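Input: a single structure, listed below in structure tokens.
What follows is calculated from the coordinates using simple rules that are stated; it is not laboratory data. In this text, all values refer to a predicted model and were calculated from it rather than measured experimentally. Don't worry about glycine lacking a Cβ; one is built from the backbone with ideal geometry, like all the others, and counts go over all protein chains shown.
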Amino acid sequence: MRKKILFIASECVPFVKTGGLADVVGSLPGYFDGEKYEVRVIVPNYICISSEWKEKMNFVTSFYMDMAWRSQYVGILEMEYNGIRYYFIDNEYYFAGDKPYGYIHEDVEKFAFFSKAALSILPVVNYKPDIVHCHDWQTGLVPVYLKDSFRKGGFYANMKSIMTIHNLKFQGCWNIPAIQDATGLDMSYFTSDKLEAFGDANYLKGGIVYADYVTTVSRTYAEEIKSPFYGEHLDGLMRAREGSLCGIVNGLDYQEWNPETDSMIFKNFTVDTFRKDKVKNKTALQKELGLEVDRKKMLIGIVSRLTDQKGFDLIDCVMDELCQDEVQIVVLGTGEDRYENMFRHYAWKYNGKVAACICYSNELSHKIYAACDAFLMPSQFEPCGLSQLMSLRYGALPIVRETGGLKDTVEPYNEYEESGTGFSFTNYNAHEMLSAVRYAQAVYYDRKRSWNQMIERAMKVDFSWKNSAGQYEEVYRKLSPFEGE
Ligand code: ADP
Ligand code: GLC
């Protein structure tokens, strides 16, 4: 009999995305061995999901669910997409607004509702998973509820849970009285060995404490979060759980991210044709964005949420110096005002040399990966990172800080052995970053052959989901062995 796996998450490609979490939840389920595993996915039916998708959803049923002293409407919609069954939890009060997340005090109530509703619909849709696989703080209460009220019913008795940490920085914290009121959990849950942390209630902590197994999205990050620098005040808990914690690096959806077939880019190319064709993407993008059209000039790309995590203060510190070099820089991102304005400023100051696209555009992101010679990602911390995987695949050589998944996926160039797929630096220091960028420039301008060989290696490394899905299957088997295992 096939094992039943249930993903519960707050975002999922192609329906709704704010970051890499959506890419993972939207692509990983399709890569499990279909003879052994059946995977279904539950996400909220946000009002902001586009009508293109809403039209394809089918209404299943609705009911009212007790939530502390409230009684809340739970609608269930479903859709089959690329062979995977998706359920959308409907509630217009909680899932209103033009984006999935808003104020934290509202979000904690929203995702308490979502977590409980996700478990509550299972008997209704007649799906009894062997493993409930939760993602990030928004679903941290699922393992808690599973061991609390839901345990009493036989239906949930043997379900195991996994908590995958995509970003330990976001934990879903709010004051205990409000959370107690929102979740209906008994006060005994709000102690330091359970949900309480530093005086508040903490959803992710609850998930980590109560899940049967914990994973995160790269091996290096799994180690890093056991230390105070990366542990976001939960390093003690991570050390306590290290026996059931592992890091599994993310993969990419190689169908969507394929320069050979990508319909969003100007000119398709492969590992055999990039020498001639990749540059056509560069000149077309230069034209589109008002950069000086020059096929020779090194074009460096950034596609990112504009937050502290991604190391933009380093860029700010040396941007004037960098702009004296023979480079062009294109940025696509949205986020903190501080960084949006910073890039707008540099685009104005270095008109024709720096382009700042302060918006969210999937299509433009594809064009940038395809057009750029290098891709800059100097993160302070990076649980995995998908952007550098996309740039590898499109032959934009990553320049990264050696942390988390960046360290695990980008092999630094070694000029003596002619090995590597990008450039890296160790310390969170602006001039160390600048040196790495200048080293990349030196190779780009003076050793074209080595540069092109590196693109060839980068485009050939395999970060499809095949490997990583296999590692998740091992975790599943550990928790829920097949008969005879
Ligand atoms: P994180 O999840 O921390 O934001 P990742 O590197 O894992 O970082 O994933 C980021 C994803 O979001 C990538 O698919 C990247 O291309 C995409 N992305 C980020 N910002 C934008 C944007 N402004 N427009 C389009 N795609 C974006
Ligand atoms: C988080 C992390 C990012 C990771 C993504 C998907 O948003 O910041 O590093 O790639 O989740 O796991």
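If both residues of a DSSP beta bridge must be in the chain, then about 30% of such bridges are antiparallel.
Using only C-alpha atoms and all pairs of different ones, pull out the Kirkwood radius for region 421-485 in Å with one decimal.
Details: mean 1/r = 0.0650 Å⁻¹.
The Cα-based Kirkwood calculation yields 15.4 Å.
Legend: ranking of residues 384, 359 from fewest to most surrounding C-beta atoms inside 10 Å; resulting order 359, 384. Normalised by 2.2 N^0.38 Å, where N is the number of residues, the C-alpha radius of gyration of region 281-417 stands at 0.99. Reported value for region 84-213: 120 Å³ per residue, from the convex hull of its C-alpha atoms. Applying the criteria of a DSSP loop state and at most 16 other Cβ atoms within 10 Å to the chymotrypsin sites (Phe, Trp or Tyr not before Pro) of region 181-244 yields 198, 229. Along its three principal directions, the equivalent ellipsoid of region 224-346 from the Cα gyration tensor extends over semi-axes of 35, 24, 12 Å, largest first. What whole number of Å gives the distance from the Cα centroid of region 1-77 to the Cα centroid of region 117-136? Answer, in whole Å: 10.
Both the radius of gyration and Dmax for region 307-353 are 10.4, 29 Å, in that order, over alpha-carbon atoms.
Shown here for region 382-427: chymotrypsin sites (Phe, Trp or Tyr not before Pro) in loop regions (DSSP other than H, G, I, E, B) with at most 11 other Cβ atoms within 10 Å, namely 416. Taking 10 °C and 1.306 mPa s as conditions, region 371-425 diffuses translationally at an estimated 145 µm²/s according to Stokes-Einstein applied to its Kirkwood radius (Cα pairs). What the phi angles of region 231-236 give under the Karplus curve with 6.51, -1.76 and 1.60, with θ = phi - 60°, is a coupling list of x, 6, 6, 10, 4, x Hz, glycine and proline written as x. The convex hull defined by the C-alpha atoms of region 192-275 has an orientation-averaged projected area of 8.8 nm². Note on region 159-214: semi-axes of the ellipsoid equivalent to its C-alpha gyration tensor, largest first and rounded to whole Å, are 19, 13, 9. Restriction of the chymotrypsin sites (Phe, Trp or Tyr not before Pro) in region 74-109 to DSSP coil positions whose beta-carbon has at most 10 other beta-carbons within 10 angstrom yields 93, 103.
Determine the sum of side-chain charges near residue 431: Lys and Arg each +1, Asp and Glu each -1, restricted to other residues whose C-beta is under 15 angstrom from that of residue 431. Spell out each step's value before the answer.
Working: positive: 401, 438; negative: 313, 316, 320, 321, 325, 432.
Charge balance near residue 431 sits at -4.
Over region 26-105, the hull volume per residue, using the convex hull of the C-alpha atoms, is 134 Å³. Cross-link check: pairs 205/478; 367/448; 169/267; 147/466; 17/297 evaluated at a Cα-Cα cut-off of 29 Å; pairs beyond the cut-off: 169/267; 147/466; 17/297.
I need the helices of the chain that pass two filters: whole DSSP H segments spanning 15 Å or more by Cα along the axis, and mean Kyte-Doolittle score no lower than 0.5. It would help to have the intermediate numbers written out before the result.
Details: long enough: 104-125 (30 Å, 0.83); 274-289 (23 Å, -1.39); 337-349 (18 Å, -1.82); 430-446 (24 Å, -0.09); 448-460 (18 Å, -1.45); 466-479 (20 Å, -1.45).
Long hydrophobic helices here: 104-125.
Between the C-alpha center of region 239-315 and that of region 461-485 there is a gap of 28 Å.
When 426, 183 are ordered from fewest to most other Cβ atoms inside 10 Å of their Cβ, what list results? Mind showing how you got there, number by number?
Details: 426 12, 183 27.
Going from least to most buried by this count: 426, 183.
With no solvent and one point on each alpha carbon, what is the Debye value of log10 I(q)/I(0) for region 14-153 at q = 0.10, 0.20 Å⁻¹? So the normalised log intensities work out to -0.32, -1.48.
With only alpha-carbon pairs counted, each pair once and no self-pairs, how large is the Kirkwood hydrodynamic radius of region 324-405 in angstroms? Please report the intermediate quantities before stating the final value.
Working: mean 1/r = 0.0737 Å⁻¹.
So the Kirkwood estimate lands at 13.6 Å.
Determine, for 451, 53, the number of other Cβ atoms within 10 Å of each Cβ, and report the residues in order from fewest to most. Present the calculation step by step, with values, prior to reporting the outcome.
Details: 451 20, 53 16.
Ranked by crowding around the Cβ, least crowded first: 53, 451.
What is the Å³ per residue value for the convex hull set by the Cα atoms of the chain?
Working: hull volume 72.6 nm³, N = 485.
Considering the Cα atoms of the chain, their hull volume per residue is 150 Å³.
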